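J.: First the structure, then my questions, so here it is.
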Amino acid sequence: MKIDVRQVPPEGVILREEIPSGALDLETSIIQFRSPVQVTAKVYRITNAVSVEINAEVLASCICSRCLAVFERNFKNSFSLNYQADINAPVIELNPDIREEIMLDYPIKPLCSSNCKGLCPKCGKNLNQGGCSCATT
Ligand SMILES: [Zn+2]
Ligand SMILES: [Zn+2]
């Protein structure tokens, strides 16, 4: 997503864009995107400063760090970015900052649910799907 500060009217402007997930290089071994990143940006210009309020949303599939099940999760981020309005470089590229903000929200250990029971350390059965016979010994 790019903003040309020359085209920001005094009352501000709202921009919407779908950024392909590949363009942001956000996928990891445990988080894969299932949709483009939907970005809404409210842009304001105050003399020499540009203020951008961003809402970003993306559907991702994650691998649970306890039971290894794949589950889907919506990542929603709201944040604001501030830039200098520079006449010599009026086009601001937002993607690197959007990428950084989304990554900050990544869980270090994603969980399919907060009470995920995980896998049996002996037989490897997913204990969310019922107990195994090791549990009684
Ligand atoms: Zn789990
Ligand atoms: Zn077991």
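The values are calculated or read from the model by the stated rules, or taken from the named source; none is laboratory data. Only a predicted model underlies this, so the values are computations on that prediction, with no experimental measurement involved. When we count neighbours, we look across all protein chains shown, and the Cβ atoms used for this are built from the backbone with ideal geometry, even at glycine.
J.: I want to confirm something. Restricting to the range 53-72 and keeping residues that are crowded, with 16+ Cβ neighbours inside 10 Å and part of a strand (DSSP E or B), which single residue is nearest to ligand 2 (Cβ to nearest atom)?
T.: The extreme case among them is Ile63.
J.: Consider the range 7-18. How many of its residues are modelled with pLDDT under 95 and surrounded by 15 or more Cβ atoms within 10 Å (Cβ to Cβ)?
T.: Residues flagged as modelled with pLDDT under 95 and surrounded by 15 or more Cβ atoms within 10 Å (Cβ to Cβ) within the range 7-18 amount to 1.
J.: Considering each residue of the range 13-52, count those that are of a type outside the set (Ser, Thr, Tyr) and assigned to a loop (DSSP other than H, G, I, E, B), and give that number.
T.: 8
J.: If you check Ser114 against the conditions, is it over 25 Å from Val39 (Cα atoms), free of Cβ contacts under 8 Å to residues at least 24 places away in the same chain and away from ligand 2 (no atom under 16 Å from the Cβ)?
T.: yes
J.: Being part of a loop (DSSP other than H, G, I, E, B) and within 19 Å of Ala60 (Cα to Cα) is the filter here, so list the residues in the range 80-115 that pass it.
T.: If the condition is that a residue be part of a loop (DSSP other than H, G, I, E, B) and within 19 Å of Ala60 (Cα to Cα), then Asp105, Tyr106, Pro107, Ile108, Lys109, Pro110, Leu111, Cys112, Ser113, Ser114 are the ones that fit.
J.: If you don't mind, another one. So which residues in the range 52-93 are among the charged types (D, E, K, R) and closer than 24 Å to Pro20 by Cα?
T.: Hits for the range 52-93 are Glu53, Glu57, Glu72, Arg73, Lys76, Glu93.
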